[in-house]
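Notes for the one structure printed next.
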Amino acid sequence: MDAVQKADSGHPGTPMALAPLAYVLWTQHLRYNPADPSWINRDRFVLSAGHASMLLYSVLYLTGYDLTLDDLKQFRQWESRTPGHPELGYTAGVETTTGPLGQGMGNAIGMAVGEAHLGAVFNREGHAVIDHNVYFIASDGDLMEGVSHEAASFAGHLKLGKLIGFYDDNHITIEGDTALTYSDDAAGRFAAYGWHVQHVPDVNDLSALNRAIDAAKAETIKPSLIVVRSHIGYGSPNKLDTAEAHGAPLGAEEITLTKQALGYPSLDPFYVAPEALRHWRETARRRAGAQSEWNKLYAGYKAAFPAPEKELQRRLRGDLPDGWEDAIPVFTEKDGNVASRAASGVVLNAIAKKIPELIGGSADLASSTNTIIKGEPSFSAANYAGRNFHFGIREHGMGSVMNGMSLHGGIIPYGATFLIFSDYMRPTIRLASFMERHVIYVYTHDSIGLGEDGPTHQPIEQLSALRAIPGMTVIRPADASETAEAWRSALNHKKGPVALVLTRQKLAFIDRSKYGSARGAARGAYVLADAPGGSPEVVLISSGSEVALIVEAQKKLEAEGVRARAVSMPSQEIFSRQDAAYRESVLPKGIRRIAMEAAHPMSWYKWVGFDGVVLGIERFGASAPAARIFTELGMTVDRIVDTAKTMVRKGGNPT
Ligand SMILES: Cc1ncc(C[n+]2csc(CCOP(=O)(O)OP(=O)(O)O)c2C)c(N)n1
């Protein structure tokens, strides 16, 4: 109440209501050590209802994490350790960034997947070194959001028995009573997903909470949901059970009335009774004993199983295995013309042998996205060691679960679908970027080039939209060799997600003995073909399938006496990270530029400048064979040639 009042913004009602649940959980069930928040076998806790952040911050302070009362007084202020919604990396003990409702549940489920997988791979008889629970608290909003449905269905199917969720059934959202819009039988829904569901009719009944949590822990083959009836703004005489208690300070007067009603020992803001603090801290110290016990278990594991122990540590550090890059295949003319999705499948299979932490799958598009690791079993309830994931037709859930898998540690998840459906998982891509997760998206069917499936499936604005996400890396390779480089970059780029954007259609083999080496792709952009003497009058830039068009145009222009340079730019973001001298060597100042991409032009203007031209697409695609669509929409060599000639000879802007 006091922190929200001081910040003059925030959400007091749910932290007030759920204080008893937090108390029971942190003092009697969670295994954690405030002195070592990254202990690998800690129980994970995710506050999916991120707006109730003050609940989490209060508990982290009370249990003795690196968070002070002064930090609580800085709630929602610039660079404070108590941001409005929990953010990974700002506050010790915060496991993930939450706030966009539903995502925390998906993350928790991903963490449970991570636990199950690492346990299956690394635990040995009598040495269960990875063996912990994952807890989450979800609100009405979490349960209404589609992503939670997708992820919960996935969790039930996989029988993730160490997952224990609480549904804060308080009947209140922002607009008022949930009855305005919501009449689901939430418990029945989760039971139907295959979850073990219990009810606690009163959150203030601590022993009922305890019993339910014990029963949830004892249930090891189904995820658990405990539906807890609570009353938002509990203790507040005038705001109890009202939407007013949800997202605004209670007001000084109401805070006083509430403290009086609760029999609180002081009316001073931020007063914490010393005996209460002592009790919490002592309890937390006792709970940290779980880590001391685990340390003994781990020492035994290390002595008895030195090889897997070393491997586990490598994976947890995020180091890739020595020499893994030797496995990256080299494509030659003999391989012929290859679709980049097919080349990607070859590369993935080659490097997966060396990188066991690379696990993933697709949203029911394995054969189209070439994302199966051949010879490896599926990840299933019967085999958590499996590496091939069947996320089902649940793109949003897939993205959220991937974030959780990555947050757990020891795993580099990849997930695949058609580029168009990146929109279905966009909120999770944004969060992956925000949290700097090392996750890899394999997006195939990357343009109008997919052809007959038509405009519903042909991405237009998706490339620019992905590139607009801060911290995101998008790589759209031009041929098989660049695809191999794209995977190299994706594995080596450990801070933030990478999207590999790949074609359905075949791409011409680019003979690297005549053109620039594909290793240039690692710098984001490079000169593929240059004007004689290296002094171009115009620079042609492209990515992916359209690179073949600028290469052709460069040749034609040369025949017509126009000196052009063809630059392949598979990744605008990687190129942006290069030093100025390198960028200048590829895109010299003062030389006019034309960019072509079979997509919305928005992301290219920065690269061509005011006097450049972008040949892109500002309409939806069409249902027809690919070649016809390319011609109809002006994605042609002739258009590049004409544009370049006009630009160079007349000096004007041809558009
Ligand atoms: C995806 C998403 N949509 C909307 C919001 C804005 N928002 C924050 S809390 C909330 C709903 C509040 O109701 P509930 O989830 O029941 O939380 P409680 O009132 O119990 O704290 C909404 C719509 C959000 N945080 N995330």
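Consider residue 232 carefully, then state whether it is at negative phi, within 16 Å of the ligand (Cβ to nearest atom) and in contact with a Gly (Cβ under 6 Å, 6 or more places away or on another chain). Taking the combined requirement at face value, the residue satisfies it.
Whether any residue in segment 369-387 is open to solvent by 10 Å² or more (accessible area, probe 1.4 Å), touching a residue at least 24 places away in the same chain (Cβ under 8 Å), within 22 Å of residue 480 (Cβ to Cβ) and of a type outside the set (A, V, I, L, M) is what I want to check. Yes, because at least one residue in segment 369-387 is open to solvent by 10 Å² or more (accessible area, probe 1.4 Å), touching a residue at least 24 places away in the same chain (Cβ under 8 Å), within 22 Å of residue 480 (Cβ to Cβ) and of a type outside the set (A, V, I, L, M).
Of the helices (runs of 4 or more DSSP H) contained entirely in segment 326-432, those carrying at least 2 residues that are closer than 26 Å to residue 136 by Cβ fall at 395-408. Taking the criterion of being free of Cβ contacts under 8 Å to residues at least 60 places away in the same chain, out of contact with any strand residue (DSSP E or B) (no Cβ under 8 Å at 6 or more places or on another chain) and assigned to a loop (DSSP other than H, G, I, E, B), the residues of segment 70-86 that qualify are 74, 78, 79, 80, 81, 83, 85. Of the helices (runs of 4 or more DSSP H) lying entirely inside segment 444-561, those containing at least 3 residues that are farther than 30 Å from residue 357 by Cα, in contact (Cβ under 8 Å) with a residue 40 or more places away in the chain and open to solvent by less than 10 Å² (accessible area, probe 1.4 Å) are 547-559.
Give segment 14-25 a look and list any residue that's more than 16 Å from the ligand (Cβ to nearest atom) and open to solvent by 10 Å² or more (accessible area, probe 1.4 Å), or say none. Residue satisfying the conditions is 23 alone.
Candidates are the residues of segment 494-543 that are within 36 Å of the chain's Cα centre (by Cα) and β-branched (Val, Ile, Thr); the one that is farthest from residue 636 (Cα to Cα) is 498.
Filtering segment 94-106 for residues that are in contact with a strand residue (DSSP E or B) (Cβ under 7 Å, 6 or more places away or on another chain), open to solvent by less than 10 Å² (accessible area, probe 1.4 Å), within 16 Å of the ligand (Cβ to nearest atom) and part of a helix (DSSP H, G or I) leaves a non-empty set.
The values are calculated or read from the model by the stated rules, or taken from the named source; none is laboratory data. It should be emphasised that the depicted structure is a prediction, and the values quoted were computed from it without experimental measurement. A quick note on method: Cβ atoms are made from the backbone with ideal geometry, for glycine too, and the neighbour counts reach across all protein chains shown. With ligands, DNA and RNA removed, areas are computed over all heavy atoms of the protein, side chains included. Shrake-Rupley method; radii C 1.70, N 1.55, O 1.52, S 1.80 Å.
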